[in-house]
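Enquirer: I have a structure here, written as structure tokens, and I will follow up with some questions on it.
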Amino acid sequence: MDRTTLMIFGIAILAALCIAAVGFVLVGGKTESQKRVARVARGSGPRLQAMEGDVDNSEKRRKQMQETLKGLEEKQQEQKKRISLTTRIERAGLEITTRTFYIASAIAGLVATFILMLGGFSLVISALGGFAVAFGLPRWVLSWLITRRQKAFVDEFANAIDVIVRGVKSGLPVNDCLRLIATEAAEPVRSEFQGIVEGQKVGVTLEQSLSRIYERMPLAEVNFFQIVLAIQQKSGGNLSEALGNLSKVLRDRKKMRAKIQAMSQEAKASAAIIGALPPGVMMMIYMTSPDYMGVLFSTTAGNMIIVGGLTWMGIGILVMRKMIDFKF
């Protein structure tokens, strides 16, 4: 075999080896990669199932939260539709019956009628004035008491939530924290939480007790507290963290309310001065020149001017009150 034949034969063997090596790499690498993919797929199967399970649980919790919020909103809408006199008396913190309220209203009306008759007014005008007093004055006093009590509740409510947060972090159950608030907190928070504790003794659930509190205290702060506890009971979660965040929100709302009130004092003072200026000027002119002002009271045209002035003054006061009445 000559030298040329040996070279051709060697080149052919080397080419065959190269082709075999390339084929082995391609075929063997593909098989190995497939094996690795199969191993990863087998190993990630439980993970995928766990992830799918987490997604399902999150979806269930989301649906539970939506149903809870929907139920609370429906209850709140029903409570807003039917506000009875008994509920208003409870919101004011008064321990009287509706009968006592009506009797007090009638007595106030009779006293006002008697005073107007002593002042020289006719029987018709005195009766109308007494009816206005009997119908309006007790309800105005009731609204004022409700507003004062709700303000006191909001001022103390954040401290009560902090008591629950510290109690839960230290290992106390929620019921013990509620009992602590019912004995140590300031009024009216103490009396409201006493209703929760007494209700739990006779089998009333926490959700029902919170709904009862919201009925007596229709405040956004109480609504937040009710939603947090209702969702935590049904869906679970870190109660101390949720209530801690709620306490921070309530304190921020209180700061914002105080800031708004401070910024609106200038507008309120201006409205009070503008509203008091016309009757004040009228009183000074009447005291200095009674004959000049007497025409308004002794003639028909003067009476019409007084009625028109009072009407426009009332409209102006209502407009100014609407402008400075900030909702927060």
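The values are calculated or read from the model by the stated rules, or taken from the named source; none is laboratory data. Nothing here was measured: the structure is a model prediction, and the numbers come from that model. Please note: Cβ atoms are built from the backbone with ideal geometry, for glycine as well, and neighbour counts cover all protein chains shown.
Enquirer: Name the one entry in E156, E192, E187 that is in contact with a helix residue (DSSP H, G or I) (Cβ under 9 Å, 6 or more places away or on another chain) and surrounded by 19 or more Cβ atoms within 10 Å (Cβ to Cβ).
Expert: Numbers: E156 fails: surrounded by 19 or more Cβ atoms within 10 Å (Cβ to Cβ); E187 fails: surrounded by 19 or more Cβ atoms within 10 Å (Cβ to Cβ).
Every option except E192 fails the conditions.
Enquirer: Can I ask one more? Applying the selection to the range 257-277, what residues are of a type in the set (K, R) and within 24 Å of the chain's Cα centre (by Cα)?
Expert: Pass one, the range 257-277, residues of a type in the set (K, R): 257, 259, 268.
The answer is R257, K259.
Enquirer: Being out of contact with any helix residue (DSSP H, G or I) (no Cβ under 8 Å at 6 or more places or on another chain) and farther than 16 Å from V165 by Cα is the filter here, so list the residues in the range 226-259 that pass it.
Expert: Matches in the range 226-259: D252, K255, M256, R257, A258, K259.
Enquirer: Go through the range 85-138 and report how many residues are of a type in the set (S, T, N, Q) and more than 30 Å from V222 (Cα to Cα). Write out each step before concluding.
Expert: If we filter the range 85-138 for residues that are of a type in the set (S, T, N, Q), which is where we start, we get 86-87, 97-98, 100, 105, 113, 122, 126.
When the remaining residues are screened for being more than 30 Å from V222 (Cα to Cα), the result is 105, 113, 122, 126.
Residues meeting the conditions: 4.
Enquirer: Which condition from (1) in a helix (DSSP H, G or I); (2) of a type outside the set (K, R); (3) modelled with pLDDT under 85 is the one that I83 breaks?
Expert: Answer for I83: the failing condition is (1).
Enquirer: Please state which one of S170, S247, S209, S240 is of a type in the set (S, T, Y) and in contact with a Gly (Cβ under 8 Å, 6 or more places away or on another chain). Walk me through how you get there before you give the answer.
Expert: On the way: S170 fails: in contact with a Gly (Cβ under 8 Å, 6 or more places away or on another chain); S247 fails: in contact with a Gly (Cβ under 8 Å, 6 or more places away or on another chain); S240 fails: in contact with a Gly (Cβ under 8 Å, 6 or more places away or on another chain).
Selected residue: S209, the only one of S170, S247, S209, S240 that is of a type in the set (S, T, Y) and in contact with a Gly (Cβ under 8 Å, 6 or more places away or on another chain).
Enquirer: Which pairs do you get when a residue that is in contact (Cβ under 8 Å) with a residue 40 or more places away in the chain, found in the range 256-273, comes within reach of a residue that is assigned to a helix (DSSP H, G or I) and surrounded by 11 or more Cβ atoms within 10 Å (Cβ to Cβ), reach meaning Cβ atoms under 7 angstrom, with the pair 6+ apart or on two chains?
Expert: S264/I324; A267/I324; K268/I324; A271/M320; A271/I324
Enquirer: Please state which of the following conditions L206 fails to meet, knowing it meets all the rest: (1) in contact with a helix residue (DSSP H, G or I) (Cβ under 7 Å, 6 or more places away or on another chain); (2) under 23 Å from D155 (Cβ atoms); (3) of a type in the set (A, V, I, L, M, F, W, C).
Expert: Result: L206 passes all but (2).
Enquirer: Output yes when any residue across the range 287-302 is under 30 Å from F225 (Cα atoms) and of a type in the set (D, E, K, R), and no when none is.
Expert: Here is the first cut: in the range 287-302, the residues under 30 Å from F225 (Cα atoms) are none.
Checking the range 287-302: not a single residue is under 30 Å from F225 (Cα atoms) and of a type in the set (D, E, K, R).
Enquirer: What number of residues in the range 243-291 are closer than 21 Å to V222 by Cβ, surrounded by 11 or more Cβ atoms within 10 Å (Cβ to Cβ) and either in contact with a Cys (Cβ under 8 Å, 6 or more places away or on another chain) or of a type in the set (D, E, K, R) (or both)?
Expert: The total comes to 6.
Enquirer: OK, next. Which condition breaks for P218 when tested against (1) at pLDDT 85 or above; (2) part of a helix (DSSP H, G or I)?
Expert: Failed condition: (2).
Enquirer: While we're looking at this one, here's another question. Scan the range 295-328 for residues that are farther than 23 Å from A272 by Cα, touching a Gly at 6+ places or on another chain (Cβ under 6 Å) and β-branched (V, I, T) and jot them down.
Expert: Answer for the range 295-328, where residues must be farther than 23 Å from A272 by Cα, touching a Gly at 6+ places or on another chain (Cβ under 6 Å) and β-branched (V, I, T): just V295.
Enquirer: Restricting attention to the range 152-173, report how many residues are in a helix (DSSP H, G or I) and free of Cβ contacts under 8 Å to residues at least 40 places away in the same chain. Outline the logic, then answer.
Expert: We begin by selecting, within the range 152-173, every residue in a helix (DSSP H, G or I); these are 152-169.
Going one step further and asking which of them are free of Cβ contacts under 8 Å to residues at least 40 places away in the same chain, we end up with 152, 156, 159-160, 163, 166-167.
Qualifying residue count for the region: 7.
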